[in-house]
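Nothing in this text is a laboratory measurement; each read-out follows from the coordinates by a stated rule. These figures come from a predicted structure and were not determined experimentally. Please note: Cβ atoms are built from the backbone with ideal geometry, for glycine as well, and neighbour counts cover all protein chains shown.
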Amino acid sequence: MIPVQQAITGKEDQRQLSSPYQALVQFYCAFNSGDLRMMSENWLQSADIAMDNPLGGIKRGWAEIEAVYRRIFNGPAEVYVEYYDYTIHETAEMFYAVGRERGYFRLGGEEITLAIRTSRIFRKNDGHWRQVHHHGSIEDPELLAKYQAAVTGKK
């Protein structure tokens, strides 16, 4: 399988959200536009979902995950990411995408270039793909420390 290099930014056509690609587009549209309603539609509303990222640790259930997105969307920083170098692996009821995010985090006059290894798992629910798991890792320790310090305000 050859990884797709054309980035998903969220500006692509979502149509009926019937394909894994379109479910990914919906996620990046919600994230990059700060749309919490759309983000909620992208995730399965269940206690079984989980998100593991460099800042929030492991969050379980929509209430905990929503709090992370609410903090990002309503916070003072501008965050943008796009998905590239990815592969999609699909079965009838589930798919997972493995790839990379690139983008930036801007706060005040500081900008940090982001490079994150990212996997997302979606499950088909009532004919629609809904995200059930996300894992993101920043592999560069210096970038991770700089990003964590910028977000938490701790130097």
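So here's what we get for this one:
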{"item": "Filtered trypsin sites (Lys or Arg not before Pro), segment 1-99: DSSP coil and at most 13 other beta carbons within 10 Å", "result": "LYS11, ARG15"}
{"item": "Approximate shape of segment 20-152 as ellipsoid semi-axes (Cα gyration tensor, √5λ), whole Å, largest first", "result": "24, 16, 13"}
{"item": "Contact order relative to length of the chain, as percent, for alpha carbon pairs under 8 angstrom and 6 or more apart", "result": "22"}
{"item": "Cut-off of 10 Å, at most 15 other beta carbons, DSSP loop: longest stretch of the chain lacking such GluC sites (Glu not before Pro)", "result": "1-92"}
{"item": "At least 18 Å along the helix axis (C-alpha) and Kyte average at least 0.0, DSSP helices within the chain", "result": "20-33"}
{"item": "Label-point separation in nm, LEU36 to LEU144, each point 7 Å along Cα→Cβ", "result": "3.0"}
{"item": "Estimated 222 nm signal from helices in the chain, with DSSP H stretches of n ≥ 4 weighted -39500 (n - 2.57), rounded to 500", "result": "-9500 deg cm²/dmol"}
